[in-house]
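First up is the structure itself, then whatever we jot down about it.
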Amino acid sequence: MRRRSPLIGFTEAELGFVIAAVIAATATLTKAESQPPDPQLPDSAAVASTDSAPPPTANVDSMIAKPGKRDELPYCTQFGLKASPLEAISILDSARYVVSGDTINVMELKARLTDAVSRSAARQCKYKLFFKVVGDLPHRWVRKAKAPFFARFYISDIE
């Protein structure tokens, strides 16, 4: 025996199908309204052959790197400088590093990199820093250890 709602006269399953159909129709209409209109197609007489069209010329503005992209500044190796101002930097924890056998903190590492920052700013390029994680550190510690250097350097991980 089917249980009917006393007010509407539908079963629970029938009401569920109706509600699902309303939600699907609303989502479809919302998606259709948010899409831009289809471009108007030109008349067939005005369409030129694609074989006779000249190749597009490169725009000078399109060859300039856009801000915010990874390649906004070139690598310093393109200007004859070393790839990295330091050898590989080992991360001990979120604020301690090993460089050339010395255990240092963030401020000392920044102090060692000041000359490289000034050279790269003068040449409008970025050096690359190579990081090596020592031990089994949580990912958030590794991110925190690298974070102070993202703005001035390209970061690379080594095993």
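The values are calculated or read from the model by the stated rules, or taken from the named source; none is laboratory data. Values in this document were obtained by computation on a predicted structure and should not be read as measured data. Using ideal geometry, Cβ is built from the backbone for each residue, glycine included, and neighbour counts are taken over all protein chains shown.
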*Total residues in the stretch 99-143, condition farther than 17 Å from ILE155 by Cβ and not polar (S, T, N, Q)*: 14
_Scan the stretch 57-74 and tell me whether some residue there is modelled with pLDDT under 85, over 30 Å from ILE158 (Cα atoms) and of a type in the set (D, E, K, R)._
yes
*Go through the stretch 89-157 and tell me which strands (runs of 3 or more DSSP E), entirely inside it, have 1 or more residues that are in contact with a strand residue (DSSP E or B) (Cβ under 7 Å, 6 or more places away or on another chain) and modelled with pLDDT of 90 or more.*
89-93, 96-99, 102-105, 127-133
*Index of the failed condition, LYS82 passing every other in (1) touching a strand residue (DSSP E or B) at 6+ places or on another chain (Cβ under 9 Å); (2) assigned to a helix (DSSP H, G or I); (3) in contact (Cβ under 8 Å) with a residue 40 or more places away in the chain; (4) surrounded by fewer than 16 Cβ atoms within 10 Å (Cβ to Cβ)*: (2)
*When SER94 is evaluated against the numbered criteria (1) over 27 Å from the mean Cα position of the chain (by Cα); (2) surrounded by 14 or more Cβ atoms within 10 Å (Cβ to Cβ), which criterion, by number, is the only one it fails?*
(1)
*asked:* Can you pull out every residue in the stretch 97-124 that is of a type in the set (A, V, I, L, M) and either crowded, with 17+ Cβ neighbours inside 10 Å or touching a Lys or Arg at 6+ places or on another chain (Cβ under 6 Å) (or both)?
replied: ILE104, LEU109, LEU113, ALA116, VAL117
